[in-house]
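Here is the structure we will look at, set down as structure tokens.
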Amino acid sequence: MRSTLTLAVVGGMLCGAVGSAAAQQQPAMPHAAVTYFRCSPGDAERADSLWKRSLAAIHDRHVAAGAITAWGWLAHSMGSDWSRAVYVVAPTRDQLLDARAKIIQDMRAASARSPGQTIAAFCPSHDDYIWAVVATAEGAPPAGSARQPTILSTYYQCDQGRSPRADEIFRTVLAPIYDKHMKAGHFTTWGWLRHVFGGSARRLQTLDASDLKTAMSAAEMVFREAAETAPIAFQEFLSICSGHEDYAWRLVMGKP
């Protein structure tokens, strides 16, 4: 699911979906499963149509049943080769895995009723990740609020042994700056998530905003302020998470 995700993973892209409060105030933080799809040329819109026709309703039922707290289907706006993404959020890893297995079972049943009408037919390859929330916005829109249409997601390559230190710097240096700019109305929410399962990205940072220009300007303001007010800690953070890949996602549909 900056992700976000972003959720979203987006994403990031998940912070609006998982609710507000600082990570240190919540002993159990939500988990998100995000599948990032590579769609064949011209087929991404067909995948969107399939989602609207049948797959959205499957996910809505699992939200209504309390198995998951949120889901979203995202379209690529800018970034590398992922075309679409779907995220589902649950309170814990085990709840997430149980819910995801049931959702996949329901999706397979739907595809059996309509041969050829599968996401894999339109998006033949994908990458799976599970993310755990480390920190989210203080005073963000509560869980259940609708997300903003643009999710900016940054996928970081970090030194695995030093990643907890990056989390500490994010909480103590970057999180207060993000909260400051969020309260000033520059964006609606943000999130910092750690890798649990999947590819090589170790951390995910998400930011939700009304449009791409707003999201990019906000991200620049935060990093500029961090470099000016805490240069040593900020440089240490960048030395731990020294590589990254940016994506901008558009929320196509989801709940809430």
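Among the residues making up the stretch 200-216, a single one is of a type in the set (Asp, Glu) and either crowded, with 18+ Cβ neighbours inside 10 Å or part of a strand (DSSP E or B) (or both): 208. Do the conditions hold for residue 219, that is, is it of a type outside the set (S, T, N, Q), buried (at least 18 other Cβ atoms within 10 Å of the Cβ), more than 22 Å from residue 34 (Cα to Cα) and touching a Ser or Thr at 6+ places or on another chain (Cβ under 9 Å)? Taking the combined requirement at face value, the residue satisfies it. Taken as a whole, the structure places residue 121 among residues that are over 27 Å from residue 246 (Cβ atoms) and surrounded by fewer than 17 Cβ atoms within 10 Å (Cβ to Cβ). What's the number of the only condition in (1) of a type in the set (A, V, I, L, M, F, W, C); (2) touching a Lys or Arg at 6+ places or on another chain (Cβ under 7 Å); (3) under 17 Å from residue 198 (Cα atoms) that residue 96 fails to meet? So residue 96 meets the others, but not (2). In the stretch 197-213 there is at least one residue that is closer than 19 Å to residue 89 by Cα and aromatic (Phe, Trp, Tyr). The single residue among 186, 244, 195 that is under 20 Å from the mean Cα position of the chain (by Cα), more than 19 Å from residue 136 (Cα to Cα) and surrounded by 14 or more Cβ atoms within 10 Å (Cβ to Cβ) turns out to be 244. Of the residues making up the stretch 1-56, those that are at pLDDT below 50, within 14 Å of the chain's Cα centre (by Cα) and in a loop (DSSP other than H, G, I, E, B) are 1, 2, 3, 4, 5, 6, 7, 9, 10, 19.
For residue 72, the conditions (1) more than 19 Å from the chain's Cα centre (by Cα); (2) assigned to a strand (DSSP E or B); (3) of a type outside the set (Lys, Arg) are fulfilled apart from (1).
Taking the criterion of being within 30 Å of residue 94 (Cα to Cα), aromatic (Phe, Trp, Tyr), in contact with a strand residue (DSSP E or B) (Cβ under 6 Å, 6 or more places away or on another chain) and surrounded by fewer than 18 Cβ atoms within 10 Å (Cβ to Cβ), would at least one residue in the stretch 150-169 satisfy it? Checked against the condition, which is being within 30 Å of residue 94 (Cα to Cα), aromatic (Phe, Trp, Tyr), in contact with a strand residue (DSSP E or B) (Cβ under 6 Å, 6 or more places away or on another chain) and surrounded by fewer than 18 Cβ atoms within 10 Å (Cβ to Cβ), the stretch 150-169 yields no hits at all. Condition first: closer than 22 Å to residue 256 by Cβ, at pLDDT 95 or above, aliphatic (A, V, I, L, M) and under 15 Å from the mean Cα position of the chain (by Cα). Can you find one or more residues in the stretch 91-101 that meet it? Checking the stretch 91-101: at least one residue is closer than 22 Å to residue 256 by Cβ, at pLDDT 95 or above, aliphatic (A, V, I, L, M) and under 15 Å from the mean Cα position of the chain (by Cα).
Of all the listed residues (128, 98), the sole one being out of contact with any helix residue (DSSP H, G or I) (no Cβ under 9 Å at 6 or more places or on another chain), in a strand (DSSP E or B) and among the acidic types (Asp, Glu) is 128. Only one of the numbered conditions (1) surrounded by 18 or more Cβ atoms within 10 Å (Cβ to Cβ); (2) in a helix (DSSP H, G or I); (3) more than 17 Å from the chain's Cα centre (by Cα) is not met by residue 176, and that is (1).
The values are calculated or read from the model by the stated rules, or taken from the named source; none is laboratory data. Just so it is clear, the structure is predicted and the values come from calculations on it, not from any experiment. Because the Cβ atoms are built from the backbone with ideal geometry, glycine has one as well, and the counts that use them run over all protein chains shown.
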